[in-house]
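Accompanying notes for the structure given below.
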Amino acid sequence: MKMKKLAALVCAAVFAAGVLGGCAGKDKKTESAADAKTISADEYYNAQHVDTGWEWGNATIMAGGFIPNIIYNPTEEGVVYARTDMGGAYKIDKETGKWKCMTDFIGGDDWNLNGAESIATDPVEPNRVYMAAGTYTNSAGAIMVSDDYGENWLKVDVDFRMGANEVGRGCGERLQVDPCDNSILYYGSRSDGLFRSTDYGRSWSKVESFPTTGGYVEDGYSIGITWVAFDKSSGSKGKACQTIFAGAARPTGNVIFRSDDGGESWSEVENPYYEKLKKNEGMKPVQGEVSSDGYLYCTFGDKAGPNNVMRGSVQKYSIKDKTWEEITPDLKYTCGYSGLSVNPNDPNMIVVTTLDLWSVVDNIYTSFDGGKTWTGIWDPETQKTNYNLDISECKWLDWQGQLKPGWWMTGVSINPFNPDEIMYGTGATVFKTDNLTKCQSEPINISVAAEGIEQTAIFDIVAPNANDENAPELYSILGDLYGFKHMDVNKAPEEHFGDFKSTSIDCAMLDYNIVVRATEEGDATLYYSTDAADTWNEIKGLPDDSLKKTGGQVKLSADGKTLLWQPGVTGANAYMTKDWGKTWTELTDLPGGCTIETDKVNPDRYYAVYDGRFYMTADGGKSWSTITEFLLSNFTLEAAADTEGDLWIGAGNGGVYYLDADGDAQLTRVSDAVQDCSVVTLGKAADGADYMTLYMIGEANNEGHGVYMSTDKGVSWKRINDDTEKWGNVKNVMSGDPKVFGRVYIVTDGRGIIMGNIKSE
């Protein structure tokens, strides 16, 4: 297991499958612990920032995805990290108080590293932080190492895999730093056992004496070693902790393991509650933490979760006496327990969360007497709430009238410098309190604390072509949150679309009020809106019942009076309706499975592409004809928003092509400077320019793969991002803003809607 050395300079990247690539480099022999004390700048994995004249961020949703845990550093105030399951890792910017993504340098070739299975912050040298990076175990993961608070990273290649977006992702933390000798780290893997590093994470070896790899599989996913915890009192400064605990998900038997000789040997920790309490048989250790007064606290569930957890427990183990105590806040409900935090300055203060209490509302319990008594954010006996929930910064969290303090609450953390503050992650955002210690006498305040985190899987976007003050700035559809209308891309939307996911969205370019979506869920397959997505109507009639819930691609004519639909069924023909599904016309002149595009100016002109052949109709779909053929069969296509008949093609390593359907219909490669293009789009023209601005993802001028713009109809191109701005798994979907010059939106699988803006002079 060796460290992978990559140069800090901007380097060429591999652009594959429409995804921004990363840098490649050579292996370097692993250094000793002494050599590893300081990381030299030329060894960092990520590139250094280059000023391109553009600013990059996100269209604001405010989190939107699963945040499994928040991690505070115990020795330096303000050092706080958050891990996500597929959208990178974040830290709080001390100057702004907002979250900042630390992993945007990860590109398409290393997209799997964008999932953070575990984060460890060093309690001795707070500048050091480590991340177990790997979204899925079927692809290679890595241990990421930083000595400057996550600004720069080393990538350490390891043999074991991570599953940040797999079952059990709320367990942890699997990666931990020895609080007495911080050169030592442990990592509990999902399938291969327990691993240790003695050189600040730069090399790893298996702890052969650890007696199990786990062996428990949930929904096809191995869970393995779920957490590691140190008894700080068993070591001293510079001398490793001798007493270490680790939890392991096993089908049967004891699940907690103990070492009293610094990890050299391990023994099972007997737990009589597995025998005494039938409810607790088969419990999996979800999280574990050692208090400063000599107790190991553990949360358990009958499953690793975060779904389908029906039973759970919170237990306390005396390290000295080797005895257990059941301290579960409430055993009456069918739920697990997951999130756990012990105040390092007051060991009697403990916070835990329930998990999967769907039928009621998940609870957060606080104890000030070591688990003897608990106070929840709602009372199980009276059902009375004990919190004030403020979502004013992110109003869509009301879930269309179903306001709740969260679910999938797998991680909770007490601020070690302010016990009134906890932060906890949910399936959609991060919440915090500012008066937790008053919970026994007054409701706690809960507010959104996710500003800067953007962690959503985006499917499609469209920027309306209307410079009307009432026009939205952006429509979008997402994996978990269904979709949004952004009136202001710099503010979280007030509402989401509803409880059904979509595969495609479009709006009429001449009337932004008319919007259509295709879905694979819900009662209908197609939905339309005539009031700018404030309300949605089902298209009740389909041309064939077998096409129900097939999703696919939808497009609207320029005036919104015609809907074209290519169902998401292999080989299915496209259809057209002019009366919202009352009648349908099968487009038999087109091959099944074609890609549809509509002209953005002429309501009667539509286009289709299949296997390199271009088709067009100019009479509203009554007749179609072939207009040209392309040697390539796999490319992206977009019609210009302000010019009839103009089509733009991203042709991979063929570059960028232009097709004038009104002229001689010849495909023209616009520039030899373009080496690669996976997608091209158009936005508002620059001042004095006579054509819209072009944007592409690809490579031009041999300047590396990235995002480029052209203000002269594709003749010349300028790169507008750098290699610190890759955003993981970037899709072949982007949109220039037709209303704002120098603004472009990019779709990602995990990092939300990336938004670039040209810097003002």
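Going by average Cβ neighbours within 10 Å, how do the peptides 175-188, 651-664 rank, with the highest at the top?
On the way: 175-188: 23.9, 651-664: 18.1.
So the order, starting with the most tightly packed, is 175-188, 651-664.
The GluC sites (Glu not before Pro) of region 278-334 that meet both conditions, a loop assignment by DSSP and at most 13 other Cβ atoms within 10 Å of the site Cβ, are Glu281.
If the only charges are +1 at each Lys and Arg Cβ and -1 at each Asp and Glu Cβ, what is the size of the charge dipole of the chain around the Cα centre, to the nearest 20 debye? Intermediate results must be reported in sequence, preceding the final value.
Numbers: 68 positive and 111 negative charges, 361 e Å.
The calculation lands at about 1740 debye.
Note on the chain: dipole from Cβ charges, positive end direction compared against Val715, Gly168, Tyr657; the farthest Cα belongs to Gly168.
Reducing region 385-413 and region 281-326 to their Cα centroids gives an inter-centroid distance of 26 Å. Placing unit charges on the Cβ atoms only, positive for Lys and Arg and negative for Asp and Glu, gives region 533-588 a dipole magnitude near 20 debye about its Cα centre. Under a plain spin-label model, where a point goes 7 Å from the Cα along Cα-to-Cβ, how far apart in nm are Asn702 and Lys384? Here the modelled spin labels are 7.5 nm apart.
For region 156-264, what D do you get in µm² per second when you plug the Kirkwood radius from alpha-carbon pairs into Stokes-Einstein at 25 °C and 0.890 mPa s? The Stokes-Einstein estimate is 175 µm²/s.
Start at zero, step by 5 Å, and the Cα-Cα distances of region 667-761 spread as 3, 14, 25, 27, 20, 9, 2, 0 percent across the bins. 3J(HN,Hα) along region 409-425, derived from phi through the Karplus expression 6.51 cos²θ - 1.76 cosθ + 1.60 where θ = phi - 60°, amounts to 7, 7, x, 9, 9, 8, 5, x, 9, 7, x, 6, 9, 10, 10, 9, x Hz, with x in place of Gly and Pro.
Using the structure shown, select from Lys91/Lys155; Lys561/Lys600; Lys432/Lys726; Lys600/Lys713; Lys578/Lys622; Lys485/Lys726 the pairs with a Cα to Cα distance greater than 22 angstrom.
Lys432/Lys726; Lys485/Lys726
So if R0 is 30 Å, what FRET efficiency would Lys582 and Tyr610 give, r being the distance between their Cβ atoms, rounded to the nearest 0.05? It comes out at approximately 0.60. Ordering His49, His486 from the fewest to the most neighbouring beta carbons within 10 Å gives His49, His486.
Take every pair of alpha-carbon atoms less than 8 Å apart whose residues are at least six positions apart; their mean separation over the length of the chain yields a relative contact order of 11 percent.
On the basis of the beta-carbon distance and an R0 of 25 Å, Trp358 and Asp523 show a calculated FRET efficiency of 0.70. Residues of region 115-139 with the amide nitrogen closer than 13 Å to a label point 7 Å from the Cα of Lys237, along Cα-to-Cβ, please. Only 124-125 fall inside the zone, counting backbone N under 13 Å. Here the residues Asp192, Asp749, ranked from fewest to most Cβ neighbours within 10 Å of their Cβ, fall in the order Asp192, Asp749. Computed over region 96-162, relative contact order equals 25 percent, with contacts defined as Cα pairs under 8 Å that lie 6+ residues apart. What does the C-alpha gyration tensor say about the overall shape of region 217-322? Classify as rounded when a/c is under 1.5, otherwise prolate if a/b is larger than b/c, or oblate. Prolate is the answer for region 217-322, as a/c is 1.5 or above and a/b outweighs b/c. Please name whichever of Leu510, Tyr527, Gly752 sits farthest to the positive end of the charge dipole of the chain, dipole taken about the Cα centre and charges placed at Cβ: Lys and Arg +1, Asp and Glu -1. Comparing the listed Cα positions along the dipole, Gly752 ranks first. Using 0.36 nm per residue and subtracting the Cα-Cα separation, the extra length available between Thr724 and Glu538 on full extension is 62.6 nm. The alpha carbon centroids of region 76-146 and region 646-717 are separated by 35 Å. Exposure proxy shown here: for Asp531, Asp434, the number of other Cβ atoms within 10 Å sets the order, fewest to most, as Asp531, Asp434. Placing a label point 7 Å from the Cα of Asn418 along the Cα-to-Cβ direction, the residues of region 74-104 with a backbone N closer than 15 Å are 76-81, 92-99. The charge dipole of region 320-441, taken about its Cα centre with unit charges on the Cβ of Lys, Arg, Asp and Glu (plus for the first two, minus for the last two), comes to roughly 100 debye. Just to confirm a number: summing +1 for Lys and Arg and -1 for Asp and Glu over residues other than Lys561 whose beta-carbon lies under 12 angstrom from that of Lys561, what do you get? Combined, the nearby Lys, Arg, Asp and Glu give -3.
Across all directions, the average projected area of the convex hull around the alpha carbons of region 342-492 is 10.6 nm². Looking at region 448-477, which GluC sites (Glu not before Pro) are DSSP coil and have at most 14 other C-beta atoms within 10 Å of their C-beta? Within region 448-477, the qualifying GluC sites (Glu not before Pro) (loop, at most 14 other Cβ atoms within 10 Å) are Glu469. Select from Ser222, Ser203, Gly193 the residue farthest towards the positive end of the dipole of region 193-235; place +1 on Cβ of Lys and Arg, -1 on Cβ of Asp and Glu, and compute about the Cα centre. Of Ser222, Ser203, Gly193, it is Ser203.
For region 273-388, the convex hull drawn through the C-alpha positions has a volume of 103 cubic angstrom per residue. Compactness ratio for region 322-361: Cα radius of gyration over 2.2 N^0.38 Å (N = residue count) comes to 1.37.
Rule-based calculations on the coordinates, nothing more; no lab input. Just so it is clear, the structure is predicted and the values come from calculations on it, not from any experiment. When we count neighbours, we look across all protein chains shown, and the Cβ atoms used for this are built from the backbone with ideal geometry, even at glycine.
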